[in-house]
1. Please report S38, S82, S59 as a ranked list, fewest other C-beta atoms within 10 angstrom at the top and most at the bottom.
2. Can you find, among I103, N75, V46, the residue farthest towards the positive end of the dipole of the stretch 43-132? Put +1 on the C-beta of Lys and Arg, -1 on that of Asp and Glu.
3. With the crude spin-label approximation of a point 7 Å out along Cα→Cβ, what separation in nm comes out for A98 versus I26?
4. Suppose each label sits 7 Å from its Cα in the direction of the beta carbon; what would the T47-V15 distance come out to in nanometres?
5. By how many nm would the segment from F2 to A68 lengthen if fully extended, with 0.36 nm per residue of separation less the alpha-carbon distance?
6. Note down the nm distance, to one decimal, between modelled labels 7 Å out along Cα→Cβ at N90 and at D54.
7. Between L77, L58, L31, which gets the highest mean-square fluctuation from a Gaussian network model of the chain, Cα cutoff 10 Å?
8. Would you mind checking the tilt of helix 10-29 against the longest principal axis of the Cα atoms of the chain, expressed as 0 to 90 degrees and rounded to 10?
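Just so you know, all these numbers are worked out from the coordinates, no wet-lab data involved. For clarity, every value in this text was computed on a predicted model and none was experimentally measured. Note that each Cβ is placed from the backbone with ideal geometry, even for glycine, and that neighbours are counted across all protein chains shown.
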Amino acid sequence: MFSRVFIELPIFATVLSLVFVLWGVISSMNLPVEQYPSITPVQVQVTAVYPGADAHTLSQSVAGPIEAQINGVDNILYMTPSSSSNGQMNISVDFSLATDPDIAQVPVQTRVSMALPQLPQAEKQNSVQAQKRPS
């Protein structure tokens, strides 16, 4: 019986549904910001400086071995490497949301240490650092 009203009066049904949609949109705009959680993935930055090296040399001789080692760490979503022509290399390692930010840095730093013997001698003298990025 209730559905019969909407079948017989399709314009009324359309207007009523548009009112409900408009009411929902207006209500969602009035929600306080605290209702939305702050979702930022855990991120660890690996940085290295190789003075005098160009971007191609950095990506081949420094970033390659480090990426190969980091690739085995659990809960990694993706890695984003970047090399610049002034001798700086940066690898951004993003972890899943369930990963503890304080613990994520430890396996990355361990894997970076495992990659150090494969790096050029000039790079071994400089420091390769893995730091948790603040959220």
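1. Ordered by Cβ neighbours within 10 Å, fewest first: S38, S82, S59.
2. V46
3. Using points 7 Å along Cα→Cβ, the separation is 4.2 nm.
4. Placing both labels 7 Å beyond Cα along the Cβ direction yields 6.3 nm.
5. Result: 17.3 nm gained on full extension.
6. If labels sit at N90 and D54, their model points lie 2.2 nm apart.
7. L31
8. 40 degrees
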